[in-house]
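What follows is a set of notes on a single structure, which appears directly below.
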Amino acid sequence: MFGQIAISRSLTGPRSMCPPSPGTGTQILRACTSAPVRNPMAEWRGSPNHDERRAQLVVLHQTEMDSAEAALLTLRTRNAHGRVSAHYLVGADGRLYQLVAESSRAWHAGASRWAGIADLNSASIGIELDNDGQSPFSDAQIETLLRLLEDVTTRLAIPRHMVVGHAEVAPTRKRDPGVLFPWQRLAEAGFGLWPREELAPPPPGFDRWTALRLIGYDLRDPAAALRAFHRRYRASESDAWLVGDADILFDLQQQLVLAPPAPGVPDPVSR
Ligand SMILES: [Zn+2]
């Protein structure tokens, strides 16, 4: 009985997370027990003074499949390796598809960590790029991606440097979007980090591992983190330090220190 009361309360919420169902109470109960809109432990005294929570970063992927249609099938269905999705898919021809609302949690990052955030699916917008993992990314595709990044980071007030690759947030499991992805071109358009042309030498005592962690990398597997850093910034898969790494890390760290704070989204009445 308690369960029935709880569910009937949950269905009277301002926004049910349950799919609309013409079914019986039992069917609804099965669908909704994992995510009630209203906690049955508490007496509901709803407030209109709230809005959707917003993503804090963007995670880029490559599909490593032969076509956008094949990727759409995988991203929209159950499949042999478990259900996955993303908010957006950018076709190799530049067509843009949206699969999940930005306010919802798409299943694209899996076990991942960045800048201390341990549940990237709850904190990010996931963008898949239709690419087989071996071919260059087309101009049309990157131009669409840049327009999408401009739109998403502006509307959701995501700091523009917080555009990262799946391989960076899951360095022990993933390699996408791979060494061919044009991170420098993204940075020239204002998205993600890239070392500046003039690199100042790091000060005495500069610690490369500390800098790597400050930039956001998870160091639980240091070799994997270093490989992910090299893949993005050095077009290399090396897991040993390379000449010049310290200069690049110091520059990236300086850019983060100097980066303007995120604009934020003003509340109607600031507290
Ligand atoms: Zn991925």
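Points to keep in mind about this one:
- Options 235, 189, 262, 225; residue that is open to solvent by less than 60 Å² (accessible area, probe 1.4 Å) and at pLDDT below 95: 262
- Of all the residues in the stretch 203-221, those that are open to solvent by 60 Å² or more (accessible area, probe 1.4 Å) and assigned to a loop (DSSP other than H, G, I, E, B) number 6.
- Only listed residue being in a helix (DSSP H, G or I) and either touching a Leu at 6+ places or on another chain (Cβ under 7 Å) or among the aliphatic types (A, V, I, L, M) (or both), chosen from 200, 240, 224: 224
- Whether a residue is free of Cβ contacts under 8 Å to residues at least 12 places away in the same chain and out of contact with any Gly (no Cβ under 8 Å at 6 or more places or on another chain) was assessed, and residue 132 does not pass this test.
- Number of positions in the stretch 58-69 that are in contact (Cβ under 8 Å) with a residue 24 or more places away in the chain and away from the ligand (no atom under 14 Å from the Cβ): 3
The values are calculated or read from the model by the stated rules, or taken from the named source; none is laboratory data. Note that this is a predicted model, so its numbers are computed, not measured. Cβ sites come from the backbone with ideal geometry, for glycine too, and all protein chains shown count toward neighbours. Accessible surface is based on the protein model in full, side chains and every heavy atom, while ligands, DNA and RNA are left aside. Shrake-Rupley method; radii C 1.70, N 1.55, O 1.52, S 1.80 Å.
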